[in-house]
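The values are calculated or read from the model by the stated rules, or taken from the named source; none is laboratory data. Small disclaimer: the values here were computed from a predicted structure and weren't measured. So basically every Cβ, Gly included, is an ideal-geometry build from the backbone, and we count neighbours across all protein chains shown. These area figures cover heavy atoms from the full protein model, side chains too; ligands, DNA and RNA do not enter into them. Shrake-Rupley method; radii C 1.70, N 1.55, O 1.52, S 1.80 Å.
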Amino acid sequence: MLRNAIIGYPRIGRNRELKSWIEKYFKGKITAKTLQKNAEELRKEQWQLLQNNKIDFITSNDFSFMIVC
């Protein structure tokens, strides 16, 4: 049985949500708690997207708040 994996999948969000939230956090427009909550939900959505696309091995521990623009 052939199985697949993916590495390097962008975790920033379809519409660059993570970048936007980080910028809002640094401007004092949202709290650290809100940033963490939003990021957690984004990670879950991304994992679900990969699972829905039949990726057998979904990477973990590859999420970072470090955004390089």
query: Is there a residue being over 12 Å from the mean Cα position of the chain (by Cα) and open to solvent by 50 Å² or more (accessible area, probe 1.4 Å) anywhere in region 15-23?
result: yes
- request: Can you confirm whether region 25-36 contains a residue that is touching a residue at least 12 places away in the same chain (Cβ under 8 Å), touching a Leu at 6+ places or on another chain (Cβ under 8 Å) and surrounded by 16 or more Cβ atoms within 10 Å (Cβ to Cβ)?
  value: no
query: Which residue pairs have Cβ atoms closer than 8 Å, lie 6 or more positions apart in sequence or on different chains, and pair a first residue in region 1-20 that is in contact (Cβ under 8 Å) with a residue 40 or more places away in the chain with a second residue that is open to solvent by 70 Å² or more (accessible area, probe 1.4 Å) and among the charged types (D, E, K, R)?
result: N4/K54
task: Of all residues in region 37-55, count the ones that are under 15 Å from the mean Cα position of the chain (by Cα), open to solvent by 100 Å² or more (accessible area, probe 1.4 Å) and charged (D, E, K, R).
output: 3
- prompt: So I58 clears everything in (1) over 9 Å from the mean Cα position of the chain (by Cα); (2) modelled with pLDDT of 85 or more; (3) open to solvent by 50 Å² or more (accessible area, probe 1.4 Å) except one condition, right? Which one?
  reply: (2)
- line: When region 2-53 is checked residue by residue, the ones that are in a loop (DSSP other than H, G, I, E, B) and either among the hydroxyl-bearing types (S, T, Y) or on the phi > 0 side of the Ramachandran plot (or both) are G8, Y9, G13, R16, G28, T31
